[in-house]
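Asker: Attaching a single structure in structure tokens format; questions to follow.
The values are calculated or read from the model by the stated rules, or taken from the named source; none is laboratory data. The structure presented is a predicted model; accordingly, all values stated were derived computationally and were not measured. All Cβ positions, even for glycine, are placed from backbone atoms using ideal geometry, and neighbour counts span all protein chains on display. Side chains included, ligands, DNA and RNA excluded: accessible areas come from the protein's heavy atoms. Shrake-Rupley method; radii C 1.70, N 1.55, O 1.52, S 1.80 Å.
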Amino acid sequence: MNNTSQQKNQRPSLSVEIAGLRLKNPVMPASGTFGYGQEYAPFFDLDELGAIVTKGLSLHPKAGNPTPRIAETTSGMLNAIGLQNVGVEDFIRDKMAFLRQFRAPVIANFFGNTLEEYGEMARRLSDLPEVSAAELNISCPNVKKGGIVFGTDPQAAAEVVSLVRRHLDKPLIVKLTPNVTDITVMARAVEEAGADAICCINTLTGMAVDVHRRKLRLANGTGGLSGPAIRPVAVRMVYQVVQTVKVPVIGVGGITKAEDALEFLVVGARAVQVGTANFVDPLAMPKIVEGLERFCREQGMDDINEVIGSLQST
């Protein structure tokens, strides 16, 4: 077989690196849309993913908001789940046993309502060898400072990231909220405070009304908007953050197919997270991985890294 034939038969590499983590491909679930992995294991081998991202974890179990807490919208959905989760103790005892069987890195998303809670969570996750990295959700109110959201104030964001950094001996990914005036200010603040990577964006705040009943569709009133409707906003923000920071960026927001993921990669994201699409099609992520490989073949590329940051200015 000549070299040309060998090149045609060789599969392109989809491997990427994020904050020292080597991922077999750049596709992973967005936190809160994949449970703890068990819910999707009947549909496909989770080792097909670049990483497994857990549902957000808190120091103590959290029941979440009253129902209804999900409402479908045009090209997306609103959710006000309220960060329901089993708590870190139950996660360690009941969920890690399942996750240990997979080779894909486990990224534990976590949050708190006070600096002390964030610090304690960082310590607990740092002690878990099965957790490869932690994803810090700063879209939460600081109950000790009048409810100001950590992720909307650069000083508050830097403070919590700096605290977590001191207690976490693993790669730290900080997930940014889009509900700010200038996301680059937030990105710069968390990078300087010690973030190893940045994930953006979290959901946009929205509201929906049942006009026949004259009532809000969510018991909480407002919720987080996700799905294809937000993708152009997410792509724009990822592009801005990539231009601002030196740490790697993970893009998330409205990805349903490989072409969507490629938008984020072309503007400079090194990996992507898939969220709402998982509810529509449990096989969305494996299909996206297949699509990325097919794209590389069609473009004559040997490595997905050739796509990353390849946006042409003219």
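Asker: What are the residues in the stretch 232-273 that are closer than 24 Å to residue 54 by Cα and either over 17 Å from the mean Cα position of the chain (by Cα) or part of a strand (DSSP E or B) (or both), if any?
Answerer: 249, 250, 251, 252, 271, 272, 273 - these are the residues of the stretch 232-273 that are closer than 24 Å to residue 54 by Cα and either over 17 Å from the mean Cα position of the chain (by Cα) or part of a strand (DSSP E or B) (or both).
Asker: Consider the stretch 194-234. How many of its residues are open to solvent by less than 20 Å² (accessible area, probe 1.4 Å) and among the aliphatic types (A, V, I, L, M)?
Answerer: Residues that pass the stated criteria total 8.
Asker: Let me ask something else. Can you spot a residue in the stretch 168-178 that is under 30 Å from residue 15 (Cβ atoms), touching a helix residue (DSSP H, G or I) at 6+ places or on another chain (Cβ under 6 Å) and open to solvent by 50 Å² or more (accessible area, probe 1.4 Å)?
Answerer: Checked the stretch 168-178: at least one residue is under 30 Å from residue 15 (Cβ atoms), touching a helix residue (DSSP H, G or I) at 6+ places or on another chain (Cβ under 6 Å) and open to solvent by 50 Å² or more (accessible area, probe 1.4 Å).
Asker: Let me spell it out: the conditions are (1) within 21 Å of the chain's Cα centre (by Cα); (2) part of a loop (DSSP other than H, G, I, E, B), and residue 151 meets all of them except one. Which number is the exception?
Answerer: (2)
Asker: Which residues, taken from the stretch 276-305, are outside any helix (DSSP H, G or I) and of a type in the set (S, T, N, Q)?
Answerer: Once the filter is applied, which keeps residues that are outside any helix (DSSP H, G or I) and of a type in the set (S, T, N, Q), the stretch 276-305 yields only 276.
Asker: Considering only the stretch 71-103, how many residues are closer than 26 Å to residue 228 by Cβ and touching a residue at least 60 places away in the same chain (Cβ under 8 Å)?
Answerer: Count: 10.
Asker: Next question, about the same structure. Under 8 Å by Cβ, and 6 or more places apart or on different chains, what pairs join a residue from the stretch 26-54 that is under 15 Å from residue 284 (Cα atoms) and open to solvent by 20 Å² or more (accessible area, probe 1.4 Å) with one that is among the aromatic types (Phe, Trp, Tyr) and assigned to a loop (DSSP other than H, G, I, E, B)?
Answerer: 40/34
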